[in-house]
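The values are calculated or read from the model by the stated rules, or taken from the named source; none is laboratory data. Remember, it's a predicted structure, so these values are computed and weren't measured experimentally. Using ideal geometry, Cβ is built from the backbone for each residue, glycine included, and neighbour counts are taken over all protein chains shown. Side chains included, ligands, DNA and RNA excluded: accessible areas come from the protein's heavy atoms. Shrake-Rupley method; radii C 1.70, N 1.55, O 1.52, S 1.80 Å.
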Amino acid sequence: MTPDLSVTLGPLRLRNPVLTASGTFGYGLEFLPFLRLEDLGGIVVKGLSPRPRVGNPPERIVETPAGMLNAIGLQNVGVDAFIEEKLPELRKHDTIVFANVFGATEAEYVDVCRKLDDAHGVGAVELNVSCPNTEAGGMIFGNDPVALARVTRACRKATRLPLVVKLSPNVTDIRETARAAEGEGADAVSLVNTFVGMAIDVERRRPVLANVSGGLSGPAIRPLAVWMTWQVARTVKVPVIGMGGIVEARDALEFLIAGATAVQVGTASFIHPDSAVRVARGLEDHLRERGIPTIREIVGSLETGGRPA
Ligand SMILES: Cc1cc2nc3c(=O)[nH]c(=O)nc-3n(C[C@H](O)[C@H](O)[C@H](O)COP(=O)(O)O)c2cc1C
C-alpha cells in the first residue's frame with residue numbers, strides 16, 4: 001500500500017505536507033545538488049522586500065543549546081530580481097513556490113504582493129509580519145492584532161494568490177493574531193516564526209550578535225511551537241501550517257496530530273540540506289508501517305482524555 005500524503009491548504013493541493021521554512025532554504029535553487037524539489041509539498045523562499053537588502057553585519061548567527069539565534073536582517077535580492085532571475089529557474093520544477101514577503105510599511109507589503117500577483121510561477125504568498133513598522137515607531141506588525149489585521153487586509157486586496165499569514169510567537173496570546181489574520185481573509189496561518197533572544201560573550205561582555213538580539217529557532221523551541229500550534233488549530237477554521245524545531249518525521253507528526261495540516265522544516269536544513277525530504281519520507285514510512293491509508297487521518301487526531309488545556 002502506498003499511503004496518500006496529499007493535503008489541501010485552502011485552494012492549494014500539496015503532494016505531501018512538508019514545506020521548507022523561509023530563510024533556511026534560500027530560493028530553493030541552492031539546494032538542487034542535495035534533493036529534488038518535486039519530493040516536497042512545496043518550498044518557501046527567503047523573505048522578499050521591494051528593494052534588495054544586504055542585511056545586518058556579522059556576527060549574524062550563533063549556535064545555542066539545541067538551536068540557533070540568527071539576526072540575518074532579512075537579506076534578500078529584492079522582489080524584482082527574484083521574479084527575473086530566480087522564478088524562471090524555479091518554474092522548471094514541479095513544486096509549489098510560496099513567496100515570503102515583508103516590508104517596513106504597509107505600502108511595501110502591498111507593493112511586493114502586487115508584483116508577485118503578476119509573476120508566473122508563484123503558488124502562494126506568505127506574509128512575514130515579524131517586522132518593525134517604521135510608520136508606527138518600530139512596533140512589530142505581527143505583535144498587535146490591529147496592525148496585523150490592517151496589513152493582512154491590504155495584502156488580501158493586492159493579490160489573488162492564496163495568502164498565508166505567518167504568526168509571531170512573541171505575543172501574549174497567539175490566538176488573537178490568528179483570529180485577526182483569519183478575519184481579514186488569510187487562506188491559512190503558519191506558525192511559529194522565531195522567538196526573540198540574545199547570547200552574551202562573557203569575556204568581552206558584549207552581545208554575540210552585532211544586532212544584539214536575534215531569533216531563536218531549532219529543536220529548543222519545538223514544545224513551545226507545538227503548544228501554540230494546538231492552540232491556534234482549535235481557534236481558527238483555516239488550515240494551520242506548523243513549524244519550529246522539526247528535524248525528523250516524529251517531530252512533524254507532533255504538529256500534525258496537534259492540528260497542523262502541513263509543516264515547515266527550517267533550521268534542520270543547516271545540518272542536513274535534505275532534511276525536509278527525509279521528513280516527508282519518514283511520514284510515508286510511518287503511515288505504511290501502521291497501515292494508515294492517508295495523512296489526513298493524523299491531522300488533528302490528538303486525544304487529551306477529555307482534559308481541556
Ligand atoms: C537563518 C534564518 C533566517 C530566517 N529568515 C526568515 C525570513 O526571511 N522570513 C520568515 O518568515 N522567517 C524566517 N525565518 C524563520 C523560519 O522560517 C522559521 O519560522 C523558524 O526558524 C522556526 O522553524 P525551525 O525551528 O524549523 O527553524 C528564518 C529562520 C532562520 C534560522
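Before moving on, here are some points about what is shown:
- For the chain, with all protein chains in place and a probe radius of 1.4 Å, 51% of the accessible heavy-atom surface sits on carbon or sulfur.
- Each of 202, 261, 138 was scored by the projection of its Cα onto the charge dipole of the stretch 136-290, and the greatest displacement toward the positive side belongs to 138; charges sit on the C-beta of Lys, Arg, Asp and Glu.
- Cα centroid separation, the stretch 216-238 to the stretch 156-195 (Å): 13
- Protection proxy ranking of 53-59, 154-160, 20-26 - average other beta-carbon atoms within 10 Å, highest first: 20-26, 154-160, 53-59
- If you count Lys pairs in the chain whose Cα atoms are under 20 Å apart, skipping same-chain pairs closer than 8 places in sequence, the total is 9.
- Descending semi-axes in Å of the stretch 171-309, equivalent ellipsoid built from Cα gyration tensor: 29, 21, 13
- Simple Cβ-charge dipole of the chain, Lys/Arg +1 and Asp/Glu -1, about Cα centre, in debye nearest 20: 340
- Among the trypsin sites (Lys or Arg not before Pro) in the stretch 225-309, those placed in a DSSP loop whose Cβ has at most 14 other Cβ atoms within 10 Å are 237.
- Rounded if a/c under 1.5, otherwise prolate or oblate - the stretch 233-302, Cα gyration tensor axes: oblate
- Extension gain for residue 134-residue 224 works out to 29.5 nm (0.36 nm per residue, less the C-alpha to C-alpha distance).
- Contact order for the chain, expressed relative to its length and based on alpha carbon pairs under 8 Å spaced 6+ residues apart, stands at 21 percent.
- Relative to the Cα centre, the charge distribution of the stretch 126-261, modelled as +1 at Lys and Arg Cβ and -1 at Asp and Glu Cβ, gives a dipole magnitude of about 220 debye.
- Relative contact order %, the stretch 102-146, counting alpha carbon pairs below 8 Å whose residues are six or more apart: 37
- Size of electric dipole in the stretch 55-200: Cβ of Lys, Arg +1 and of Asp, Glu -1, about Cα centre, debye, nearest 20: 240
- Accessible area of the chain divided out per residue, in Å², using a probe of 1.4 angstrom: 44
- Computed from backbone phi with θ = phi - 60° and the Karplus coefficients 6.51, -1.76 and 1.60, the 3J(HN,Hα) list for the stretch 56-69 is 7, x, x, 5, 10, 9, 9, 6, 10, x, 6, x, 8, 10 Hz; x is used for glycine and proline.
- Of the peptides 207-219, 81-93, 36-48, 191-203, the order by per-residue mean of other Cβ atoms within 10 Å, starting with the highest, comes out as 36-48, 207-219, 191-203, 81-93.
- For residue 294, the residues whose modelled amide H falls within less than 5 Å of its own, excluding neighbours fewer than 5 places apart on the same chain, are 4.
- Karplus-derived HN-Hα couplings along the stretch 35-40 (A = 6.51, B = -1.76, C = 1.60, θ = phi - 60°), whole Hz, x at Gly and Pro: 7, 9, 4, 5, 8, 9
- Dipole of the chain, positive end: most advanced residue of 61, 148, 161 [Cβ charges, Cα centre]: 148
- Take every Cα pair under 8 Å whose residues are at least 6 apart in sequence, average their separation, divide by the length of the stretch 141-253, and the relative contact order is 25 percent.
- Computed Kirkwood radius, in angstrom, where 1/r is averaged over Cα pairs of the stretch 1-88: 15.2
- Taking every Cα-Cα distance in the chain and sorting them into 20 Å bins starting at zero, the pair-distance distribution P(r) comes out as 35, 60, 6 percent.
- With θ taken as phi - 60° and the Karplus curve 6.51 cos²θ - 1.76 cosθ + 1.60 applied, the whole-hertz 3J(HN,Hα) list for the stretch 45-53 is 8, 4, x, 10, 10, x, 10, x, 9 Hz, x standing for glycine and proline.
- Proportion of all alpha-carbon pairs of the stretch 45-132 beyond 16 Å (%): 55
- Within the stretch 107-161, the ratio Rg/Rh, alpha carbon atoms throughout and Rh by Kirkwood, equals 1.00.
- Taking only the C-alpha atoms of the stretch 138-202, Rg followed by Dmax gives 13.4, 50 Å.
- Leading residue at positive end of dipole, the chain (Cβ point charges), from 82, 95, 239: 239
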